[in-house]
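Just below is one structure, and these are the notes that go with it.
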Amino acid sequence: GQYAAAEAAYQDVVRLDANNLNAFLGLGATQFRQERYGDALVAYERAQALAPNNLQIDGFLGSTLLQLGRYPEAIEIFERVTARTPNNLNAYINLGTALLNVGRDDEAFVAFDRVERLTSDDGQLLFDLGQLLEERGDLERSNRYYRRASNLNNSAELQLLIGQSLLRNDDPLYAILALREAISLNPGSPDAHVLLAEALQAQNRRDEAIAELELARTLYETQGQPDKAAELSERIEALN
């Protein structure tokens, strides 16, 4: 593919010029994208030797170490990077991720809180952080990021995912808000109506839940999905 071809070109350059910083950076980047993290690490280490005080190269090295599971080394690098560039969003994300993986959760949350303060309009980023924390079992913090992401985002697709996540994490009230927003952005989404019905059921709002299921059933029928419409008919009958 294109990365393999680019890698071969960079290999040719570094064979001719062992001090070509940009070639080593390009080589590391192409190997990283091919998920050959061990090879990428070698290239980035060579680049670092050529430019030892370059924070961008430190970031590349840290990200590669993170992928290799060498968390203590990654932490050391990202602590150095964040100390010198306190507004470096990606460095704080990577630092928090590495800290989580060595069980230093409190320090990780400090890093993630810094990310939240730096992020003024990136709902997708906060959603991704919420997922990371949900995977760790920290549902309270996870839901906080999901709620913030919902407030920032105007994507129907992401609002649907946020609502689904909040519902899964036993936060039906905020799930309802996110799902209503998803529906306002994309009224023709039957899946959003189904999830909204489930969130309403979780709050014992049966009549509203039935109304949402009926809307979803109609949408499935008009969109040529009779099996899903029939399934909803059974659910509606069970609720009546």
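The values are calculated or read from the model by the stated rules, or taken from the named source; none is laboratory data. Values in this document were obtained by computation on a predicted structure and should not be read as measured data. Here the Cβ is made from the backbone with ideal geometry for all residues, glycine too, and neighbour counts use every protein chain on show.
Below are the figures for this structure:
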| read-out | value |
| --- | --- |
| Flag if Leu185 is more than 30 Å from Thr97 (Cα to Cα), in contact with an Asp or Glu (Cβ under 6 Å, 6 or more places away or on another chain) and either modelled with pLDDT of 95 or more or not basic (Lys, Arg) (or both) | no |
| Residue check for Ile162: among the β-branched types (Val, Ile, Thr) and either touching a residue at least 40 places away in the same chain (Cβ under 8 Å) or within 28 Å of Ala197 (Cα to Cα) (or both) | yes |
| Pairs, first closer than 14 Å to Ser142 by Cα in segment 108-121, second of a type in the set (S, T, N, Q) and assigned to a helix (DSSP H, G or I), C-beta under 6 Å, six or more apart | none |
| Those residues of segment 148-160 which are buried (at least 20 other Cβ atoms within 10 Å of the Cβ) and either aliphatic (A, V, I, L, M) or touching a His at 6+ places or on another chain (Cβ under 8 Å) (or both), in sequence order | Ala149, Leu158, Leu160 |
| Residue list for segment 184-207, filter: surrounded by 22 or more Cβ atoms within 10 Å (Cβ to Cβ) and closer than 23 Å to Tyr145 by Cβ | Ala192, Leu195, Leu196, Ala199 |
| Yes/no for Leu215 being farther than 30 Å from Glu135 by Cα, crowded, with 18+ Cβ neighbours inside 10 Å and in contact with a His (Cβ under 7 Å, 6 or more places away or on another chain) | yes |
| Of residues in segment 47-62 being touching a residue at least 24 places away in the same chain (Cβ under 8 Å) and of a type outside the set (Val, Ile, Thr), the one surrounded by the most Cβ atoms within 10 Å (Cβ to Cβ) | Gly62 |
| Flag if Arg70 is basic (Lys, Arg), under 24 Å from the mean Cα position of the chain (by Cα) and modelled with pLDDT of 95 or more | yes |
